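K.L.:
Before I ask anything, here is the structure I am working with.
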Amino acid sequence: MEPLKTLILLLLGAIVVSLGKAMFHLTSGPDESGRVVRALTVRITLSIALFALLMLVWYFGGISPHPLS
């Protein structure tokens, strides 16, 4: 289970880095709009990949929700 946790943390870190990169390019000026779009596209792709990974792991029984009690 440890490699899965590491992968999830790496994906979360990459999402935050991509968001920071987009913010940097956004504040750099109007000439950087293409880089902003590219960074946000990477962020969305990573977020969808993380969601899909979590759904697959849940489907195959690797994780399970805890009861609300």
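K.L.:
Which one is surrounded by the fewest Cβ atoms within 10 Å (Cβ to Cβ) among residues in segment 40-68 that are among the small types (Gly, Ala, Ser) and part of a helix (DSSP H, G or I)?
P.N.:
Residues of segment 40-68 that are among the small types (Gly, Ala, Ser), as a first pass: 47, 49, 52, 61-62, 64.
Now restrict to residues that are part of a helix (DSSP H, G or I): 47, 49, 52.
Numbers: Ser47: 16, Ala49: 13, Ala52: 10.
Ranking the candidates gives Ala52 first.
K.L.:
Looking at segment 1-49 only, could you name the residues that are under 22 Å from Gly61 (Cα atoms) and either of a type in the set (S, T, N, Q) or touching a residue at least 60 places away in the same chain (Cβ under 8 Å) (or both)?
P.N.:
Met1, Thr6, Ser47
K.L.:
Suppose we filter segment 20-39 for residues that are surrounded by fewer than 16 Cβ atoms within 10 Å (Cβ to Cβ) and either touching a Lys or Arg at 6+ places or on another chain (Cβ under 6 Å) or outside any helix (DSSP H, G or I) (or both); how many remain?
P.N.:
1
A short reminder: the numbers here are calculations on the coordinates, not readings from a lab. Computed from a prediction, not measured in an experiment: that's the story for all the values here. Every residue, glycine among them, receives a Cβ derived from its backbone with ideal geometry; neighbour counts consider all protein chains shown.
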